[in-house]
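Before anything else, here's the structure in question.
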Amino acid sequence: MANHTRAAVMWEKGKPWEVVDLGLDDPKEHEVLVRVEAAGLCHSDDHIRTGDSPPRYPVVGGHEGAGVVEKVGPGVRRAKVGDRIIIGYIPTCGVCRPCLAGKHNLCDNGLHAGTGKMFDGTFRMHSGDTDLGGFCATGTFSERIVISQDACIPLPDDISFELGALLGCGVPTGFGSATKTANVRPGQTVVIYGAGGIGMNAVQGAALAGAARVVVVDPNPMKRTASMDFGATHTFETHQEAFDFVKEVTWGALAENSIITVGVTDQEVVSQAFDIIGKGGQVTLTAVGNSAHNTIVLNGNYMIGYEKRVQGSMFGSLSPLLDIPRLIDLYRQGKLKLDELISNRYSLDQINEGYQDLLDGKNLRGIVVRSK
Ligand SMILES: NC(=O)c1ccc[n+]([C@@H]2O[C@H](COP(=O)([O-])OP(=O)(O)OC[C@H]3O[C@@H](n4cnc5c(N)ncnc54)[C@H](O)[C@@H]3O)[C@@H](O)[C@H]2O)c1
Ligand SMILES: [Zn+2]
Ligand SMILES: [Zn+2]
């Protein structure tokens, strides 16, 4: 039976999001239909608008979300009707080579992230004759979506849908960038460039991992102030100020780790993050830039002489099914701040307003909540 949904669509790059009615197919084999209750406004969806990281257009935006399973297709084992779930933007199969190697964040199921195709190569959302995919094969800026069962992560009853949405991307991506990809150790000096929805969780991760100094660089004073509540020890408006500070307090040894979580990565911030680490140090690159240009241009001789590393990070190198429950436990123990990350709530119709607030630096995380 055909269903309908209202969804925020990007028809082509450079346009505003348009909220329209779409036809929605029933879930096919191994798929579920989800009523989305909350969706986070991550900067990654803005890369769709700018075309920095272009998907197949038109596309339904959103990849952070939580909701309730309303229908299941044949052969579904990982969820049932009525289940509360976090929507995983990397559907993890558990049996591909990266999954078997323990790298669930790199599951081969990520293949259709940019097109939003389902695994059988077809689409579930339609506008007349036009097929639409959801970003990361999800599309959480929609009242209802069809996703793979592999994207279903159980959401416990004591955790709200809003927090569930944050746990779908921003929290694990930032937290894991520090604790897993950067492998921050007690006593280290860590520098985080950009304290937004992702970076604020890198701050939390670095602090919980025992870093002696969690240094934040962000031009936005509100983010700098907020980051002190999330575990930052020092904050600076510019890289130069942070560099002078780190050089002085480490007696010239510089930082062990730098983590890039700015809105849009460019060569400048990568060079800054490279300069601020010392011997054996690592730059962790989490923030996305323009796919058409090289964002990493560095002096290889310094890399050799100082044995520096530059390491990409996808979903903070974490495993959705294994690590999200751990993050929930940290929250339950009062060790991880989640409620404080939500700075504004929007209806689906206010999606462009929400993204303008993100670009204006007003939000730690904005959330789209389902209208009652
Ligand atoms: N690798 C992954 O798995 C993954 C997952 C989600 C998001 N991302 C990417 O992470 C990045 C951050 O996303 P977000 O939602 O936190 O964005 P955001 O807009 O909430 O935060 C970005 C922050 O960076 C700050 N900033 C901008 N330029 C800066 C600079 N030159 N130096 C220091 N700070 C600067 C801004 O003031 C803001 O506070 C985006 O590029 C997003 O696409 C990556
Ligand atoms: Zn995201
Ligand atoms: Zn897999």
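Just so you know, all these numbers are worked out from the coordinates, no wet-lab data involved. None of the values given here were measured: they were computed from a predicted structure. Quick reminder, even Gly has a Cβ in these numbers, built from the backbone with ideal geometry, and neighbours come from all protein chains shown.
Tell me, what HN-Hα J-couplings in whole Hz come from the Karplus equation 6.51 cos²θ - 1.76 cosθ + 1.60 at θ = phi - 60° for each residue of the range 261-277, using x for Gly and Pro?
Values, residue by residue: 10, 6, x, 10, 6, 9, 4, 5, 5, 5, 5, 4, 5, 6, 5, 8, 9 Hz.
What order do you get for Thr5, Thr261 when you list them from fewest to most C-beta neighbours inside 10 Å?
So the residues, fewest neighbours to most, are Thr5, Thr261.
With a Cα-only, solvent-free Debye model of the range 82-181, what are the log10 I(q)/I(0) values at q = 0.11, 0.14 Å⁻¹?
-0.36, -0.58
Would you mind computing Rg(Cα) / (2.2 N^0.38 Å) for the range 1-79, counting N as its residues?
1.22
A follow-up question, please. Net charge around Gly196, counting only other residues with Cβ within less than 9 Å of its Cβ (Lys, Arg = +1; Asp, Glu = -1)?
In short, +1.
Also, quick follow-up: Taking every pair of Cα atoms in the range 174-314, average 1/r, invert it to obtain the Kirkwood radius, and report Rg/Rh to two decimals.
Over the Cα atoms of the range 174-314, Rg/Rh equals 0.93.
Residues with beta-carbon under 15 Å from that of Val215, excluding Val215: net charge, scoring Lys, Arg +1 and Asp, Glu -1?
-3
Shifting gears a bit: Could you give me D for the range 271-340, from Stokes-Einstein at 10 °C and 1.306 mPa s, where the hydrodynamic radius is the Kirkwood radius over C-alpha pairs? Units µm² s⁻¹, please.
107 µm²/s
Of Lys13/Lys335; Lys223/Lys335; Lys103/Lys279; Lys13/Lys247; Lys80/Lys223; Lys117/Lys223, which ones are farther than 32 Å apart at the Cα?
Where the Cα-Cα span goes over 32 Å, the pairs concerned are Lys13/Lys335; Lys13/Lys247; Lys80/Lys223; Lys117/Lys223.
Here is a further query. Please give the per residue volume of the convex hull enclosing the alpha carbon atoms of the range 229-372, rounded to a whole number of Å³.
Taking only Cα atoms, the range 229-372 has a hull volume of 166 Å³ per residue.
Quote the Stokes-Einstein diffusion coefficient, in whole µm² s⁻¹, for the chain, based on the Kirkwood radius over alpha carbon pairs, a temperature of 20 °C and a viscosity of 1.002 mPa s.
Approximately 104 µm²/s, per Stokes-Einstein.
Taking only C-alpha pairs under 8 Å that are 6+ residues apart, what is the relative contact order of the range 174-314 in percent?
23 percent
When Lys and Arg each count +1 and Asp and Glu each count -1, what net charge do the other residues less than 9 Å away from Gly278, Cβ to Cβ, add up to?
With Lys, Arg at +1 and Asp, Glu at -1, the neighbours total +1.
Could you tell me which of Cys169, His43, Thr250 has its Cα farthest along the dipole of the chain towards the positive end, charges placed at Cβ (Lys, Arg +1; Asp, Glu -1), taken about the Cα centre?
Farthest along the dipole direction, towards plus: Thr250.
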